[in-house]
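All of the numbers you see were taken from the coordinates with simple rules; none came from a lab. Here the structure is a predicted model, which is why all the values come from computation and not from measurement. Every residue, glycine among them, receives a Cβ derived from its backbone with ideal geometry; neighbour counts consider all protein chains shown.
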Amino acid sequence: MDLFEYQAKDLFRRNGIPVPDGKVASSPDAAQKVAAKLGGRVVVKAQVQVGGRGKAGGIKLADDAAGARDVAGQILGMDIKGHKVRKVLVERAGDIKAEFYASFLLDRSAKAFLGMVSSKGGVDIEEVAATDPDAIARVNVSPLTGIQPYHVRRLLFDGGIPKEAHKGATILLQKMYECFVNTDASLVEVNPMVLTGSGEVIALDAKVSLDDNAAYRQPQYEKLARDIPLPKQEKIAKEKSLNYVKLDGRIGIIGNGAGLTMSTLDVVAEAGGTPANFLDIGGGANAATMAAGIDLIFSDRKVKSLFVNIFGGITRCDEVAKGILGALEQLPNLKAPIVVRLDGTNAKEGREILEKAAHPNISMAPTMLDAAAKAVALTKGKR
Amino acid sequence: MSILLDQNTRVVVQGLTGSEGTFHTKRNLAYGTKVVAGVTPAKGGQKWEDQVPVFDTVQDAVDDAGANASLIFVPARFASDAILEAADAGIELIVCITEGIPARDMATVYPYVRAKGAVLIGPNCPGLISPGKSNMGIIPGEITGPGPIGLVSRSGTLTYQVMYEMFTRGVGQSTCIGIGGDPIVGSNFIDVLSRFATDDETQAVVLIGEIGGDEEERAAAFAKENMDKPVVAYVAGFTAPPGKRMGHAGAIVSGSKGTAQAKAEAFEALGFKVGRNPTEVAELAIASIR
């Protein structure tokens, strides 16, 4: 789960990482109040989960509370790369002497944690990695030892951080690592980490991704998740525990297993169709799960047909067939065609059940590729 | 020969008496797998289904039943403990089916298990099967038979699909391994490829990848340098949008890296054939040994 900047900074504060004073606001009035309390110059920042908000006009300075109200009014409601701004973060503006980059993340290749520091901060770090890779210090930290002083020294020296910032940066990096581990984050990133005029080192921005698998042992996880708005369909999916991702096409997809479902999207695209979603029902092929899944998919009005692609392993195809029929009983108004492909455990029995039922919406195909072609053909010409 | 698992492997099932453990152990036993013990704390001394002795600890299962491999079905929050217990008891092959283990736990478990010299497959994986010999995990045994193709995959059902495509064309496998869909798994593609490279029975290898990370790219480079036998690949997730997690915790594209396109191109650039769909990769694999 990716956090908003204001959520990440709350988490930072609680873990002892220095951040600018500030508070989130969802209206110009609220922004004015925050600015008045802070006093002096403030910066008003759009809270969106997409890069490049500064260039898009989503970060503005204001000299006083009235000014903060004005710029918050301009920023709230803005559309930044398809993300609507619903909240702004109002922070005290400080003087910046230098900008750096710092992060801790899970390094899949090394199967360990990775710390990264660079003196080139405040810019797109992926750009730096591509054009000037030596400007980024990378140090793997074993979870068995945790972060040691030499890890921090290597990051600071190799990252080219000026000596005057070492003391502050050392504390910040150690606290960042602790935050990374204690919150079960997969990424904690500060860009820029800044040296202020008074010699402090603070996190001016904050990006945090939390590991969903660790939600059960992270007491703050649920509250944070509640404050992150989801598209309508994904919200329903979450409530029904369906593994669903909305896409933009016209053919609904249900598969069992993440890999097979991804592959199903690909073969539909290869056959000239556009997949409308990813929905992995896993082993849950009973009527209730099927009905919830089918209902969810067709709540997207663009969807014109559905392809159910099942390879029975542990999942039994006869159960899937019964599940589909049961689902359709619960959805009597559904008119769209459904193409079903069943293989693997009890596929023969499953096909017989569907043949016998002869439901007007359902057609079958012998292979995954045939079924994809059929689903695409059934969508052609429909508006 | 097969790799890692054969008819002599002596399996202890951790979490045997749970519903998952019971269901799949029955299937594995019916396939012929030598399941010699189960472990469920505080149920030691019982006999599961009147045939498999249950122990309180893995160490007891090793000492008293001679187990040398462990199959783990315990829930996610207890799974890292189960893996470490198996490694400490001297188990050589640890297969963890459990889904949803926090990445921090696996980051801690991984270097420890490696240092112990054990091989860990998974977590969040279907396990492995050496057709005709033994089946450890949840792969359906009916859709495969013994044969010359080695298979390694990050997926579950997609793996079954490719196995089945080969099986219906009369070609079986030496060993099929699902390495798991999590960001940190015990064995990666290269670990498995290096075993297939020296296995006499394996004449060609199918590698099934998916979006996320750079394991496929590294596997392609490894195979180019170290494999004398044909390797064919398939990658799922061409239509996956960046930043979205496609079911598996590992299946997420960040930036330009980790896309299916980049992975397929990495194989093709080194001269390996890549199937556009599961059917085609099965056909390519069969063609490669004829």
Work out the count of Lys pairs in segment A:2-80 where the Cα-Cα distance is under 21 Å, with the pair 8 or more places apart or on different chains.
15
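More than 34 angstrom separation, counting every C-alpha pair in the protein assembly as shown; what % is that?
50
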Straight distance only, please: which aspartates and glutamates reach the Cα of A:K232 with their own Cα at less than 19 Å, same-chain residues fewer than 8 apart left out?
A:D2, A:D79, A:E222, A:D248, A:D280, A:D295, A:D300
Please name whichever of A:N191, A:L230, A:S209 sits farthest to the positive end of the charge dipole of segment A:187-247, dipole taken about the Cα centre and charges placed at Cβ: Lys and Arg +1, Asp and Glu -1.
A:L230
What's log10 of I(q)/I(0) for segment A:74-122 at q = 0.31 Å⁻¹, Debye sum over Cα points only, no solvent?
-1.04
Principal axis dimensions, chain B - Cα atoms, whole angstrom, descending
56, 40, 30
Rounded to the nearest 20 debye, dipole of the protein assembly as shown from Cβ charges on Lys, Arg, Asp, Glu:
1980
So how long is each side of chain A along the principal axes, counting just the alpha-carbon atoms, biggest first, in Å?
80, 49, 39
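In debye, nearest 20: dipole of chain B around its Cα centre with unit charges on the Cβ of K, R (+) and D, E (-)?
Numbers: 24 positive and 32 negative charges, 96 e Å.
Using only the charged Cβ atoms, the result is roughly 460 debye.
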Taking the Cα-to-Cβ direction at A:K167 and at B:E265 and moving 7 Å from each Cα, how far apart do the two end points lie in nm?
5.0
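Assuming a strict under-16 Å limit between Cα atoms, what lysine pair count do you get for segment B:143-290 once near-sequence pairs (fewer than 8 apart, same chain) are dropped? Mind dumping the intermediate values first?
On the way: B:K224/B:K263; B:K224/B:K273; B:K229/B:K273; B:K244/B:K257; B:K263/B:K273.
Lysine pairs, 8 or more places apart or on different chains, close enough: 5.
With all pairs of different alpha carbon atoms counted, what Kirkwood hydrodynamic radius in Å does segment B:157-260 show?
14.6
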Extension gain from A:I96 to A:R153, taking 0.36 nm per residue of separation minus the Cα-Cα distance
18.2 nm
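What is the gain in length, in nm to one decimal, between A:V50 and A:S241 on full extension, counting 0.36 nm per residue of separation less the C-alpha to C-alpha distance?
Residue separation times 0.36 nm, minus the Cα-Cα distance, leaves 66.2 nm.
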Chain B, relative contact order in percent, only Cα pairs under 8 angstrom and at least six apart counted
14
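For segment A:15-157, compute Rh as the Kirkwood radius over C-alpha pairs and then the Stokes-Einstein diffusion coefficient at 20 °C and 1.002 mPa s; write the answer in µm²/s, rounded to an integer.
On the way: Rh = 17.3 Å.
For the chosen part, D equals 124 µm²/s.
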For B:230-239, mean number of other protein chain Cβ atoms within 10 Å
5
Simple spin-label estimate for A:D370/A:E127, 7 Å along Cα→Cβ, in nm, reads 5.3
Peptide ranges A:325-333, B:274-282, B:171-179 listed from the most packed, as the mean C-beta count within 10 angstrom indicates:
B:171-179, B:274-282, A:325-333
Rounded to 0.05, the calculated FRET efficiency for the beta carbons of A:A66 and A:D21 at R₀ = 22 Å is 0.70
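Quote the charge dipole size of segment A:21-92 about the Cα centre in Debye, to the nearest 20; the model charges only the Cβ of Lys and Arg (+1) and of Asp and Glu (-1).
Numbers: 14 positive and 7 negative charges, 52 e Å.
In debye, rounded to 20, segment A:21-92 gives about 260.
Calculated FRET efficiency, A:D134 and A:D79, Cβ-Cβ r, R0 51 Å, to nearest 0.05?
Values: r = 38 Å, r/R0 = 0.75.
According to the calculation, E is roughly 0.85.
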Among A:V50, A:V19, A:V42, which comes first, second and so on when ranked by fewest other beta-carbon atoms within 10 Å?
A:V50, A:V19, A:V42
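What's the whole-number percent of alpha carbon pairs in segment A:96-226 lying beyond 21 angstrom? Mind showing how you got there, number by number?
Values: 3308 of 8515 pairs.
Cα-Cα pairs in segment A:96-226 separated by more than 21 Å: 39 percent.
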Give the aspartates and glutamates whose C-alpha is closer than 13 Å to that of A:K97, dropping any in the same chain fewer than 8 places away, or say none.
A:E164, A:E200
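How high is the relative contact order of chain A, given as a whole-number percent (alpha carbon pairs under 8 Å, six or more residues apart)? Write down the numbers at each step before the final one.
Values: 778 pairs, mean separation 46.6, N = 383.
The value is 12 percent.
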Which whole-number percent is the relative contact order of segment A:269-383 (Cα, under 8 Å, 6+ apart)?
29
Please order A:S109, A:S103, B:S130 by the number of other Cβ within 10 Å, starting at the fewest.
A:S109, A:S103, B:S130
Per-pair calculated FRET efficiency, R0 = 56 Å: B:D64 and B:K257 via Cβ, rounded to 0.05:
0.70
Where a Cα-Cα gap under 19 Å defines reach, which aspartates and glutamates qualify for B:K43, not counting those fewer than 8 residues away within the same chain?
B:E20, B:D56, B:D60, B:D63, B:D64, B:D81, B:E85
Averaged over residues of B:93-106, the number of beta carbons from other chains lying within 10 Å of each residue's Cβ is 4
Spin-label point model (7 Å from Cα, Cβ direction): what's the A:L334 to A:E200 distance in nm?
5.8
